[in-house]
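Working notes, structure below.
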Amino acid sequence: MDFTKRLPGSWATALESVFDRVEIKSLQSKLALDYAEKNIFPPQDKIFQAFHLTPLAEVKVVILGQDPYFHPGQAEGLAFSVPQGEKIPSSLKNIHLALSEDLGLTPPTHGSLRAWAKQGVLLLNTALTVQTVVKKVKNKEKYEAQAHQTLNWQIFTDFVIETVSQDKKPKVFLLWGKQAQKKRGLVDEKRHLVLETVHPSGLSAWRGFKECGHFSKANEFLLAQGREPVEWKLE
């Protein structure tokens with residue numbers, strides 16, 4: 001699997017120096033084998049969806065997730081987003097509730113965040129693929145995730161975060177949960193705004209996520225820096 005052929009040109013050029021690293025070459029080889037033999041999500045043509053929808057020069061906000069969804073049909077290469085028509089995961093429901101709390105927006109009936117990505121919101125997971133294992137439990141199929149965090153994805157996505165941070169245009173980094181917050185040191189806070197809160201999952205969202213106000217705070221910063229705000233409303 002050749003990342004340079006799957007990434008859009010502007011991103012491939014900006015990330016060029018990371019592709020020569022042994023760890024990334026190993027990652028590409030391992031993924032090629034895994035996709036041939038195992039249940040891996042998202043589909044290969046969606047791994048870099050976030051980069052195709054959000055060019056580097058247009059990034060305004062980075063929302064950092066952890067792993068893609070592991071149920072069939074959900075992962076589409078955009079952190080927290082699922083295609084229209086798919087069941088909305090609990091984390092995404094809590095994001096919708098936070099939008100309502102912050103901006104008074106009515107929660108949408110779908111889980112697609114593509115509209116954000118097209119406005120410059122980079123929906124980035126720290127690992128861009130996940131393996132799904134299907135087990136039989138009482139004659140029913142049960143899906144379990146085997147994270148790809150150990151496949152050197154972190155080296156690639158850390159480099160992406162650093163590259164975005166080095167770009168001169170002021171941006172907002174939304175770090176939701178402990179895993180995302182570990183990346184704070186990769187961001188130049190003299191230039192960009194970093195906002196932290198708990199992860200939107202059902203296990204932790206009750207500890208302040210719904211009241212975080214990150215969406216309005218992000219737009220306030222962007223406006224103050226002379227950049228267009230994000231239209232967070234999802235039709």
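The values are calculated or read from the model by the stated rules, or taken from the named source; none is laboratory data. Keep in mind the model is a prediction, meaning the values are calculated, not measured. Virtual Cβ from ideal backbone geometry, glycine too; neighbours counted across all protein chains shown. Please note that ligands, DNA and RNA were not included when accessible areas were found on the heavy atoms of the full protein model with its side chains. Shrake-Rupley method; radii C 1.70, N 1.55, O 1.52, S 1.80 Å.
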Quiz item: Using a ≥ b ≥ c from the Cα gyration tensor of the range 183-235 (square roots of the eigenvalues), is it rounded, prolate or oblate, where a/c under 1.5 gives rounded and otherwise the larger of a/b and b/c decides, a/b for prolate?
Solution: oblate
Self-check item: Given charges at Cβ of Lys, Arg, Asp, Glu: the chain dipole, positive-most of Val134, Pro200, Ala12
Solution: Val134
Practice problem: Rank by packing, highest mean first: peptides 81-93, 178-190, with packing defined as the count of other Cβ atoms within 10 Å averaged across residues. | Solution: 81-93, 178-190
Practice problem: Over the range 1-128, calculate the relative contact order: mean separation of alpha carbon pairs under 8 Å at least 6 apart, over the residue count, as a percent. | Solution: 28 percent
Quiz item: With a ≥ b ≥ c the root eigenvalues of the C-alpha gyration tensor of the range 2-121, is it rounded (a/c under 1.5), prolate (a/b larger than b/c) or oblate?
Solution: oblate
Quiz item: What is the log10 of I(q)/I(0) for the range 49-109, computed with the Debye formula using one identical point scatterer on each Cα and no solvent, at q = 0.16, 0.17, 0.22 Å⁻¹?
Solution: -0.61, -0.69, -1.05
Quiz item: Where the only charges are on Cβ atoms (+1 Lys, Arg; -1 Asp, Glu), what is the dipole of the chain about its Cα centre, to the nearest 20 debye?
Solution: 460 debye
Quiz item: When the Cα centres of the range 1-17 and the range 197-217 are compared, how far apart do they sit, in Å?
Solution: 33 Å
Quiz item: Which pairs in the list Lys183/Lys217; Lys118/Lys233; Lys5/Lys178; Lys183/Lys233; Lys168/Lys233 are over 24 Å apart, alpha-carbon to alpha-carbon?
Solution: Lys5/Lys178; Lys183/Lys233; Lys168/Lys233
Practice problem: Between beta-carbons, use under 14 Å as the cut-off and find the net charge around Gly120, counting Lys and Arg +1, Asp and Glu -1. | Solution: +2
Exercise. Tabulate in residue order the Karplus-calculated ³J(HN,Hα) for the range 33-39, using 6.51 cos²θ - 1.76 cosθ + 1.60 with θ = phi - 60°, rounded to whole Hz; enter x for Gly and Pro.
Key: 5, 5, 5, 6, 10, 10, 8
Practice problem: Quote the relative contact order of the range 167-233 in percent (integer), defining contacts as alpha-carbon pairs under 8 Å separated by 6+ residues. | Solution: 30 percent
Quiz item: Once the Cα atoms of the range 146-235 are picked out, what are the Rg and Dmax in Å?
Solution: 14.5, 43
Exercise. Take the alpha carbon gyration tensor of the range 22-80, find the square roots of its eigenvalues, order them as a ≥ b ≥ c, and report rounded if a/c is under 1.5; if not, report prolate when a/b exceeds b/c, else oblate.
Key: oblate
Quiz prompt | Per residue value of the accessible surface for the chain (all protein chains in place, 1.4 Å probe), Å² | solution = 48 Å²
Quiz item: Over the chain, what relative contact order in percent results from Cα pairs under 8 Å that are six or more residues apart?
Solution: 22 percent
Quiz item: Rg and Dmax of the chain over Cα atoms: what are they, in angstrom?
Solution: 17.4, 58
